[in-house]
Amino acid sequence: MPKLTRDLIARLPKAELHVHLDGSLRPGTMLDLARASGVELPSRDPETIRRYMLVDDARDLEEYLRRFDITIAMLQTPEAIDRVAYEMVEDAARDRLRLLEVRYCPALSTRTGLTLSEVLDAELRGLRRGERDFGVRTGVINCSLRHYDPAVSVQIAEASVAFRERGVVGFDLAGPEAGRPPQAHRAAFELAARGGLGITVHAGEAAGAASVAEAVHSCHANRIGHGTRLFEDPVLQAYVRDRRILIETNITSNLQTHAVKRAAEHPVRGYFDAGLAVTLCTDSWLMSGVSLTDEYWLAHTALGFTREEIDCMILNAFAASFLPWPDRQALLDEVAAELDATQ
């Protein structure tokens, strides 16, 4: 097998399961939307905006999340949401993504009068146009936020189930984690699970393994977002391994929020070696300043992941996506053949 290079990783077909719409705007698009929405930005230069939005100065997860206040203020019209969703698919295609699951809290775009349904209509419209133009399969994961009243989470879950046949594939809980256990939103997760949606939960990033345990045992999680501190509970780690609950790993984002100190110390290496189902994700293209290719290259250079192991993590993502199983199986077969042919 030839030497693994960043260029080779860039040519591999990939799947992105954990990336936030409000964290993935293009700097040039931000300038246009800021002008239309009256949001003040520190510069009219796209490169300056790109550097400004890159979170390389946060002390913890909560500081990392504050940068999102800027982009959310620009996502208050159907046109803006549609445009950002469409451009995400175009950017995904450039990075050889074959599958893109986009997550967003639709309630964040209701500040000036949009309904949850109008937000979802706009997001799905943009994604569908992107699918047609760029050939990337997409799905929507709706998030609630930990600091919301649980009744709001139920409303988001109800809207998510109502849009299941139109492209919403999953339900999630995001936002500041420490001191805000996911079990408080259990009713929303129950509703989403009964409604046939996939369940993923941000857990084990700014809180310990107990947060992951609640996500799995109380919230029906099929996947875990981050899971960085899962290793703190070996019994739970074995449970997650044995039930093939996928860990959506975000190395760069975890460095930015200080969930880990150095890339070489990230627990994903240990998780993979222990037989857990793991894949790599970006979290946000703008705030983290990375592509999925960048994340796989970092895993190779900092953690020693080989081409064979990278192929395994890529296939893990397709296998654990929230698409219907026949669609996943077809994508798995196509991607496995393409990985074998890409040298």
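The values are calculated or read from the model by the stated rules, or taken from the named source; none is laboratory data. Keep in mind it's a predicted model, so treat the numbers as computed, not measured. Here Cβ is always computed from backbone atoms with ideal geometry, including for glycine, and neighbour counts include all displayed protein chains. Heavy atoms of the whole protein, side chains included, go into the accessibility calculation; ligands, DNA and RNA do not. Shrake-Rupley method; radii C 1.70, N 1.55, O 1.52, S 1.80 Å.
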### Query
If you check I49, I81, which single one turns out to be free of Cβ contacts under 8 Å to residues at least 24 places away in the same chain and open to solvent by less than 10 Å² (accessible area, probe 1.4 Å)?
I49
### Message
Contact list please: Cβ distance under 8 Å, first residue in region 272-283 and touching a residue at least 24 places away in the same chain (Cβ under 8 Å) and closer than 23 Å to R98 by Cα, second residue among the basic types (K, R) and assigned to a loop (DSSP other than H, G, I, E, B), pairs at least six apart or on different chains.
### Response
A277/R244
### Message
Considering only region 26-34, I want to know if a residue exists there that is open to solvent by 30 Å² or more (accessible area, probe 1.4 Å) and on the phi > 0 side of the Ramachandran plot.
### Response
no
### Message
Are there helices (runs of 4 or more DSSP H) fully within region 65-149 with at least 3 residues that are touching a Lys or Arg at 6+ places or on another chain (Cβ under 9 Å)? List them.
### Response
78-94, 116-134
### Task
Assess whether L54 counts as being touching a Leu at 6+ places or on another chain (Cβ under 8 Å) and either under 24 Å from F171 (Cα atoms) or open to solvent by 40 Å² or more (accessible area, probe 1.4 Å) (or both).
yes
### Task
Please state which one of V161, V168, V152, V140 is of a type outside the set (D, E, K, R) and within 19 Å of D283 (Cβ to Cβ).
V140
### Query
Can you tell me which of L323, L332, L339, L286 is within 14 Å of P13 (Cα to Cα) and either surrounded by 18 or more Cβ atoms within 10 Å (Cβ to Cβ) or touching a Ser or Thr at 6+ places or on another chain (Cβ under 9 Å) (or both)?
L339
### Summary
Checking R194, R262 in turn, the sole residue that is under 24 Å from R59 (Cα atoms), open to solvent by 40 Å² or more (accessible area, probe 1.4 Å) and over 15 Å from the mean Cα position of the chain (by Cα) turns out to be R262
